[in-house]
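The values are calculated or read from the model by the stated rules, or taken from the named source; none is laboratory data. Please read these numbers as outputs of a predicted model, since none were measured by experiment. Methodologically, a virtual Cβ is constructed for each residue, glycine included, from the backbone with ideal geometry; neighbour enumeration extends over all protein chains shown.
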Amino acid sequence: MSGRSTTARSPIRRILFAIAALSVSGAAAAGQTFTSGDRAVALVELFTSEGCSSCPPAERWLSGLAEEPGLWERFVPVAFHVDYWNYLGWNDRFASGDYSDRQRLYIEQGAARVVYTPGVFRAGSEWLGWRSGQRLAAAGEPAGRLTAEVENGRAVIRYVPAAPTGAPLDVSIALLGMGLETEVLAGENRGRKLAHDFVVLNHRVVRLDREHTEYRAESELEAPAELAKTYALAVWVSARGVQEPLQATGGLLESTNF
């Protein structure tokens, strides 16, 4: 099984996380299952940065999706923090060059014309509707069923496409942090306390193996390097080499399931 991952690592933070997890429950949590249904669930991606003074309104909009009907059923939100604004004087602790590259690849594949923050993509295409308060659309065309079974830090992914396909597929698995806050001490947001939700804390891409009409993969879930109030999981399927998501699912995680 091949895969790559991006995680901000800190031994001290990992120790603190382990202590926090043990304090929540001394026993293993029951497994959880997230499933998409048969129609396309939109992956909603915000590319953002703590070093960007234009980003807090977009962050507030994304956080508001936690209260919107259809969360996890019609749309799955994620926030990728890019690193190309770090030179302005503030290093975003959630930023990764891999997330910046993900946004640039969208440009290369024609989903938008320029790299900027805040940038929002819905189902693989640039989407400006968030600025005017547009509601996210209902579930899309038939796209097959995506299921993620999570237990004790391991995820089993199954995907049955709506129609047979010979294309190789990959699955993205992202651990999200909710209720995160940062006191910004420098840069464009100096002096501000920023609140973040749906933050991608680590992101792994794994090959899906075909078994008759079903695609399947297994992957360990990496422990988060940042302590959050709540954690969630986002999972989406794409054709290999193409970022446009075919199907997505996700939901809030029990603390002992990763």
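Within the range 145-155, not a single residue is within 17 Å of Gln247 (Cα to Cα), assigned to a loop (DSSP other than H, G, I, E, B) and either aliphatic (A, V, I, L, M) or out of contact with any Asp or Glu (no Cβ under 9 Å at 6 or more places or on another chain) (or both). Of the residues examined, Leu136 is not one that is hydrophobic (A, V, I, L, M, F, W, C) and either modelled with pLDDT of 95 or more or within 22 Å of Glu226 (Cα to Cα) (or both).
Scanning the range 166-187 for residues that are out of contact with any helix residue (DSSP H, G or I) (no Cβ under 6 Å at 6 or more places or on another chain), of a type outside the set (A, V, I, L, M, F, W, C), surrounded by 14 or more Cβ atoms within 10 Å (Cβ to Cβ) and not in a strand (DSSP E or B) yields a single hit, Gly179.
Yes/no per residue for (1) of a type outside the set (D, E, K, R); (2) modelled with pLDDT of 95 or more; (3) surrounded by 21 or more Cβ atoms within 10 Å (Cβ to Cβ); (4) closer than 22 Å to Ala95 by Cα:
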| site | (1), (2), (3), (4) |
| --- | --- |
| Gly3 | yes, no, no, yes |
| Ala20 | yes, no, no, no |
| Val24 | yes, no, no, no |
| Ser54 | yes, yes, no, yes |
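Exactly one residue out of Gly179, Gly166 is free of Cβ contacts under 8 Å to residues at least 60 places away in the same chain and under 17 Å from the mean Cα position of the chain (by Cα), and it is Gly179.
One line per residue, one yes/no per condition, for (1) buried (at least 21 other Cβ atoms within 10 Å of the Cβ); (2) farther than 18 Å from Ala174 by Cα; (3) aliphatic (A, V, I, L, M):
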{"residue": "Trp61", "(1), (2), (3)": "no, yes, no"}
{"residue": "Gly70", "(1), (2), (3)": "no, yes, no"}
{"residue": "Ser96", "(1), (2), (3)": "no, no, no"}
{"residue": "Val115", "(1), (2), (3)": "no, yes, yes"}
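Report yes if some residue within the range 220-243 is in contact (Cβ under 8 Å) with a residue 40 or more places away in the chain, touching a Lys or Arg at 6+ places or on another chain (Cβ under 6 Å), among the basic types (Lys, Arg) and under 30 Å from Glu108 (Cα atoms); otherwise report no. The answer is no, given that none of the residues of the range 220-243 is in contact (Cβ under 8 Å) with a residue 40 or more places away in the chain, touching a Lys or Arg at 6+ places or on another chain (Cβ under 6 Å), among the basic types (Lys, Arg) and under 30 Å from Glu108 (Cα atoms).
The residue of the range 228-258 that is surrounded by the fewest Cβ atoms within 10 Å (Cβ to Cβ), among those that are part of a strand (DSSP E or B) and of a type in the set (S, T, N, Q), is Thr230.
This table checks each residue for (1) free of Cβ contacts under 8 Å to residues at least 60 places away in the same chain; (2) β-branched (Val, Ile, Thr); (3) closer than 27 Å to Val184 by Cβ.
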position	(1), (2), (3)
Val44	no, yes, yes
Ser49	no, no, yes
Leu62	no, no, yes
Phe80	no, no, yes
Arg93	no, no, yes
Gln103	yes, no, yes
Ala111	no, no, no
Gly124	no, no, no
Trp130	no, no, yes
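Here Ala225 fulfils each of the conditions (1) in contact with a Gly (Cβ under 8 Å, 6 or more places away or on another chain); (2) part of a loop (DSSP other than H, G, I, E, B); (3) buried (at least 20 other Cβ atoms within 10 Å of the Cβ) apart from (1).
Taking the criterion of being within 17 Å of the chain's Cα centre (by Cα) and closer than 15 Å to Gly119 by Cβ, the residues of the range 51-64 that qualify are Ala58, Glu59, Trp61, Leu62.
Given the criterion out of contact with any strand residue (DSSP E or B) (no Cβ under 9 Å at 6 or more places or on another chain) and of a type in the set (D, E, K, R), identify the matching residue among Asp83, Asp98. Answer to the selection: Asp83.
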